[in-house]
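The structure appears below as structure tokens.
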């Protein structure tokens with residue numbers, strides 16, 4: 001555990017070597033004399049890693065190295081410079097790292113250094129505590145779903161336990177309980193993978209210290225921590241080196257925290273977390289450290305890896321290829337875990353997810369507090385990410401300060417995206433009723449199906465009565481998209497597909513996506529008449545207010561298909577990995593159909609009436625792969641004259 005620097009019993013040679021390597025990594029650096037403009041969060045682990053190495057080895061060089069960074073942190077008059085000095089992330093990170101180093105080194109430090117560090121921790125802790133009290137109901141003090149809240153309170157708790165400041169630890173504990181009760185039980189995270197790896201470790205740290213210092217075990221409280229590894233696992237790109245980049249993501253490599261994987265493995269007996277922790281701290285470590293835009297990043301977490309690794313947990317390679325997270329309306333399905341496999345991730349929910357949206361509305365009504373800070377959640381309900389053959393093919397925008405639906409794989413109405421978008425906090429101060437949701441979800445037998453209802457997200461003046469997107473992912477990794485739109489008046493409806501490079505056009509209804517050696521064919525089956533154009537846009541963001549000069553950019557290439565003005569529209573689109581299409585339309589008296597050899601997709605998400613030469617069904621979907629039959633929201637299904645399903649309540653799953 002953290003406070004006593006006591007890891008689980010058993011050998012940990014790889015984690016010990018990681019710690020010793022990290023303890024000396026900053027030895028050639030000169031500690032800052034004055035506060036730099038950039039963030040100083042890294043100073044905390046710069047002191048903590050050699051402090052733990054000293055406890056482990058007794059090597060005075062590690063003691064001297066930790067002392068260098070302790071003294072550097074102490075002589076800075078403020079923790080944080082460009083944004084909210086003493087009151088935000090820099091302060092939280094340093095309170096944690098400096099307090100642990102001070103505690104671990106104990107009497108090995110000269111008394112005058114110990115006294116100076118203690119005084120600085122008292123000063124900075126008081127500043128952060130008083131800010132948290134004064135700003136309750138606003139910003140991070142009560143932003144229960146936000147990484148700033150988790151980091152600042154965990155830092156305050158660390159210093160409080162080390163210094164014996166009960167008022168700090170009690171306030172932090174009260175906040176932690178509220179957070180755990182507010183987070184979704186399914187473990188999903190609206191801020192996306194990058195902020196999951198940046199923020200969730202601090203919940204784990206706080207829980208660790210709470211259990212050790214007070215004997216309170218909240219590991220199961222609310223269910224989030226027990227289930228959140230599953231969310232992270234299914235947002236891994238095939239091959240694990242990259243991520244699905246829903247939400248604000250600095251890049252596609254900033255996803256791993258081996259330390260957090262090890263902690264979740266140890267606390268909940270998750271063999272897959274142990275397995276991924278071994279990969280993240282082993283073969284993937286150098287790549288993650290070099291390519292990740294998140295700082296301080298994975299290397300400084302060595303002290304946590306050492307203390308949280310439990311050799312008693314057997315590593316188990318992932319096997320399940322499909323998952324659905326209802327709170328975030330997130331459906332993920334893949335053909336496998338190897339790098340060449342194909343993955344789709346499809347989402348739709350209210351801002352922050354269903355539980356955050358509901359709970360924050362209650363806080364607003366009952367307390368007058370604004371607790372939902374969704375600056376990292378994009379206007380992306382109904383959007384999807386497609387990865388195949390080792391490349392991102394249908395992509396997200398990454399990090400953005402001015403978030404727009406037009407930067408996602410979505411639909412525009414008269415050229416307009418979501419209401420009240422084109423800003424950082426796109427879900428702030430919008431009506432409670434403006435919610436998207438998923439329905440008719442299937443994730444079984446290699447098939448994935450869901451329908452996103454997103455009409456409520458558009459400006460009411462557009463009169464959009466219905467905008468439903470149904471996505472189907474087949475066992476072989478092919479994608480079918482059916483978009484059905486209705487409005488009070490004639491509108492132009494635009495289907496958007498985002499890629500890293502311009503698509504190659506071979507016909508009005510056929511385009512090719514290329515990304516390196518990877519490719520996919522995009523084929524439009526409906527509408528029959530539409531204009532198609534390709535454009536490029538540069539998306540820019542500053543990912544951290546503590547470093548105002550930092551800018552990251554990404555160029556999106558948009559394939560845009562627009563209908564003539566009409567009050568209704570239907571888009572039926574197929575995306576097939578590779579550079580050859582085998583898709584054919586299935587003649588339907590009612591519904592819509594696509595066949596890929598032995599795989600057939602029949603859809604009727606609204607009327608739920610499918611009529612073909614071979615299938616008669618009252619169902620939202622009938623999906624066949626050879627002799628295997630799956631259905632969605634079905635009551636009655638006949639295949640080639642044989643009744644295979646007849647039930648009173650709608651059924652979703654395999655038949656036969």
Self-check item: Unique match (being out of contact with any helix residue (DSSP H, G or I) (no Cβ under 9 Å at 6 or more places or on another chain), touching a residue at least 40 places away in the same chain (Cβ under 8 Å), farther than 18 Å from residue 335 by Cβ and buried (at least 24 other Cβ atoms within 10 Å of the Cβ)) among 409, 401
Solution: 409
Practice problem: Please specify each residue of segment 592-618 satisfying the condition of being in a loop (DSSP other than H, G, I, E, B) and either touching a residue at least 24 places away in the same chain (Cβ under 8 Å) or touching a helix residue (DSSP H, G or I) at 6+ places or on another chain (Cβ under 8 Å) (or both). | Solution: 598, 605, 606, 608, 612, 613, 614
Practice problem: For segment 74-121, enumerate the residues that are at positive phi and either buried (at least 22 other Cβ atoms within 10 Å of the Cβ) or over 27 Å from the mean Cα position of the chain (by Cα) (or both). | Solution: 80, 86, 106
Practice problem: Give the residue, chosen from 513, 575, 594, that is buried (at least 19 other Cβ atoms within 10 Å of the Cβ), within 30 Å of residue 611 (Cβ to Cβ) and in the same structural domain as residue 418 (by TED's automatic domain parsing). | Solution: 575
Quiz item: So how many residues does segment 622-642 have that are within 36 Å of the chain's Cα centre (by Cα) and surrounded by fewer than 16 Cβ atoms within 10 Å (Cβ to Cβ)?
Solution: 1
Quiz item: In segment 381-396, which residues are surrounded by fewer than 24 Cβ atoms within 10 Å (Cβ to Cβ) and either part of a loop (DSSP other than H, G, I, E, B) or without any contact (Cβ under 8 Å) to a residue 24 or more places away in the chain (or both)?
Solution: 389, 390
Exercise. Collect the residues in segment 37-84 that are within 15 Å of residue 296 (Cα to Cα) and in a loop (DSSP other than H, G, I, E, B), keeping them in residue-number order.
Key: 38, 39, 40, 41, 42, 80
Quiz prompt | Looking only at segment 285-313, and only at residues there that are over 20 Å from the mean Cα position of the chain (by Cα) and part of a loop (DSSP other than H, G, I, E, B), the one that is surrounded by the fewest Cβ atoms within 10 Å (Cβ to Cβ) | solution = 312
Quiz item: Among the numbered criteria (1) surrounded by 17 or more Cβ atoms within 10 Å (Cβ to Cβ); (2) in contact (Cβ under 8 Å) with a residue 40 or more places away in the chain, which single criterion is violated by residue 20?
Solution: (2)
Quiz item: For segment 522-562, how many residues meet the condition of being under 29 Å from residue 591 (Cα atoms) and part of a loop (DSSP other than H, G, I, E, B)?
Solution: 4
Quiz item: Does residue 3 fit the bill of being surrounded by fewer than 21 Cβ atoms within 10 Å (Cβ to Cβ) and either touching a helix residue (DSSP H, G or I) at 6+ places or on another chain (Cβ under 6 Å) or without any contact (Cβ under 8 Å) to a residue 24 or more places away in the chain (or both)?
Solution: yes
Exercise. Would you mind finding the one in 232, 221 that is crowded, with 24+ Cβ neighbours inside 10 Å and either touching a strand residue (DSSP E or B) at 6+ places or on another chain (Cβ under 7 Å) or under 21 Å from residue 269 (Cβ atoms) (or both)?
Key: 232
Quiz item: Is segment 335-348 home to any residue that is farther than 15 Å from residue 234 by Cα and buried (at least 24 other Cβ atoms within 10 Å of the Cβ)?
Solution: yes
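The values are calculated or read from the model by the stated rules, or taken from the named source; none is laboratory data. Everything quoted here is computed from the prediction, not taken from an experiment. Virtual Cβ from ideal backbone geometry, glycine too; neighbours counted across all protein chains shown.
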